[in-house]
Structure formats: C-alpha cells, structure tokens
Amino acid sequence: MAGDESPDSDASQSSGLIALALRAMLEILGHWFAAVCGQDPGHTWAPGGVLLPCCQRCAGLYVGAGVAALLHLGLKPRLNGRFLEIHGAFLLAMVPFGFHWIAQGGLLRSLTGVLFGFGVVTFLCLPLNQTRDKAEGQNPRAGRNPKAEIRNHQPPAPTTPLSEPNPVPVQPSDFGVPSAFGLRASGFPRSPGQRQLAYFLFLLATLLLLPAIATQGGAFAAYSLSAFAFWGALALAALVAANISLALLGTVRRLRRLTLACLQP
C-alpha cells in the first residue's frame, strides 16, 4: 500500500539528499583547494573510493593544523624552550621531504604534512600568545607576575551562616567554566608539564589515526577528513590574518611614537 511505502521512500529520499549534499561539498572543496594544492590523483587518499579534495601531504598539513589549533586553544601549552625547538625541527623536516630529496610514499607525505602543520600553527600562535601575556600584565619570558597577581587578587567570599544549608561548592574548571558539585576535570591536565604531555599525546594520535582512517575508512571518512582539512585551512588563514593585523598595529604604533618624538621641541 502507498501508506506502507511512504516511510521507506522518505528515508531513501533523505539519504539521497544527504549524499547529494556531501558530493556537492567535496566538489566545492575541490575547487577551493585547487588554489593551494596540486591535487595529483596518484598522491591523494581515497577512503571508500572517494578522492579527498587535496593531496596526501596537504591533507596531513591541514588536518594537523586543525588539530594543533584546537590544542592551542584548549590546552594552551607554554611556547618556549624545548617546545619551540621541537616544532622548529618539524618545520625544517619539510625541506628534504618537500623538495623530494628523500624517497617517500603516501604515508611519509601525510606524516610530514601533519608535523609541518603543527609547527606552522605553533609559530603563528607565538606572537598572539606574547601579545596576550603583555595585555595581562605578564612577561612572556618570565611567566608569572606576582604584582599582577596581587592586584587581581579577589577577597574571599563571605562564609555561609550556619542556619542555611551548605551550598554546593563551585570551583573553576580548567577551561575557565565553573564546575558544580565540587567536581573538577581531574583528568584534564593542569600543570604546564601535563598540558605539554597531553599535547604531544594528541600529536601522536593524529600521526597514527590519519593514515589509518585514510587507508581503511569508508566514504564517511572521506567526507569527515575533507571537512576537517577545510577547518584546518580556515584556522591557518585566521592565524595568518591575526599576525598580519598585529604587525600592522605594531607598525602604526611605532610610526606614531616616532612622529610624536619628532614633533616634540
């Protein structure tokens, strides 16, 4: 009967529309990535038979950049010392692989792309972090500023009268959002060393999962990787734009100081 067939037909129509939308997304992303990627089909992952909109190295670069941007936003690792040296090595590693001085397959192309993406995001975040630290009254090299902490110290909250029931303590979580019921994200890294360890664990997971998903995943993996690569490209573009804005703002401030100095008698 017609009434019995309508749910199946509606479901098939919905799945058809979703598939059409996903194919349209890949086509749009393909045109978008064509401006920055060679898109060699022989050097492109095809999970489930669906070609990604960018090559293996670019897929690693943009996926790595997307993961790194989220980690810098959430974990806020300390950008100094050995951390910067390691990410500088990630950037330098692209020289022999990018110029094809070393024979490589799809796996190495993706892995070096991931490392390069992490390195680029880290050094793009460095000026932004230094500007944020200066705005908060901290010296980026010294870390904490005791005088600023004293000025920002809040007086203790008044005690609760005995006649009232004890309220549930509310503590700030590691993300800056209060957590009630006396609970905190105890598993979330708090100290700088723990945050850096978590950062590198996520990096290792990205290095392991990206090739596995790209080679063993199905069509859904292709759409997911394409969308996440697009997010990584947007994150890189936003970081570049933020750094250009900072450079222009710094230039304007220097020119203003020079102008005021020249105008002084």
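The values are calculated or read from the model by the stated rules, or taken from the named source; none is laboratory data. Since the structure is predicted, the reported quantities are computational estimates derived from the model, not experimental observations. Heads up, the Cβs are rebuilt from the backbone with ideal geometry, glycines too, and the neighbour counts pull from every protein chain shown.
Any residue in the range 98-113 that is touching a residue at least 24 places away in the same chain (Cβ under 8 Å) sitting within a Cβ distance under 6 Å of a residue that is assigned to a helix (DSSP H, G or I) and among the aromatic types (Phe, Trp, Tyr)? List the pairs, counting only those 6 or more apart or interchain.
Short answer, once both residue conditions are applied: Thr112/Phe97.
Have a look at Thr122, Thr160, Thr131 and point out the one that is farther than 24 Å from Ser191 by Cα, of a type in the set (Ser, Thr, Tyr) and either modelled with pLDDT of 55 or more or surrounded by fewer than 15 Cβ atoms within 10 Å (Cβ to Cβ) (or both).
Sole residue among the options that is farther than 24 Å from Ser191 by Cα, of a type in the set (Ser, Thr, Tyr) and either modelled with pLDDT of 55 or more or surrounded by fewer than 15 Cβ atoms within 10 Å (Cβ to Cβ) (or both): Thr160.
Which residues, counting only those in the range 46-82, are β-branched (Val, Ile, Thr) and under 14 Å from the mean Cα position of the chain (by Cα)?
Scanning the range 46-82 gives Val63, Val67.
Taking only pairs six or more apart or across chains, which ones have beta-carbon atoms under 7 Å, a first residue in the range 184-206 that is farther than 10 Å from Pro77 by Cβ, and a second residue that is at pLDDT 75 or above and of a type in the set (Gly, Ala, Ser)?
Final answer for the pair search is Thr206/Gly64.
Scan the range 229-265 residue by residue and report those that are within 30 Å of Ala59 (Cα to Cα), out of contact with any Pro (no Cβ under 7 Å at 6 or more places or on another chain) and among the polar types (S, T, N, Q).
Passing the criteria: only Ser245.
Return a yes/no flag: does the range 240-252 have any residue that is within 15 Å of the chain's Cα centre (by Cα), surrounded by 14 or more Cβ atoms within 10 Å (Cβ to Cβ) and touching a residue at least 24 places away in the same chain (Cβ under 8 Å).
Among the residues of the range 240-252, at least one is within 15 Å of the chain's Cα centre (by Cα), surrounded by 14 or more Cβ atoms within 10 Å (Cβ to Cβ) and touching a residue at least 24 places away in the same chain (Cβ under 8 Å), which makes the answer yes.
Test each condition in (1) at pLDDT below 95; (2) in contact with a Phe, Trp or Tyr (Cβ under 6 Å, 6 or more places away or on another chain) for Leu79 and report the one that comes out false.
Every listed condition holds for Leu79 apart from (2).
Condition first: closer than 17 Å to Leu208 by Cα and either touching an Asp or Glu at 6+ places or on another chain (Cβ under 8 Å) or part of a helix (DSSP H, G or I) (or both). Now tell me which residues in the range 86-116 satisfy that.
Phe90, Gly106, Leu107, Leu108, Arg109, Ser110, Leu111, Thr112, Gly113, Val114, Leu115, Phe116
Table: residues versus (1) among the basic types (Lys, Arg); (2) modelled with pLDDT under 90; (3) assigned to a helix (DSSP H, G or I).
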site	(1), (2), (3)
Phe181	no, yes, no
Gly193	no, yes, yes
Leu201	no, no, yes
Ala205	no, no, yes
Thr215	no, no, yes
Tyr223	no, no, yes
Ala233	no, no, yes
Leu249	no, no, yes
Ala261	no, yes, yes
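What are the residues in the range 40-85 that are in a helix (DSSP H, G or I) and charged (D, E, K, R), if any?
Arg57, Arg82, Glu85
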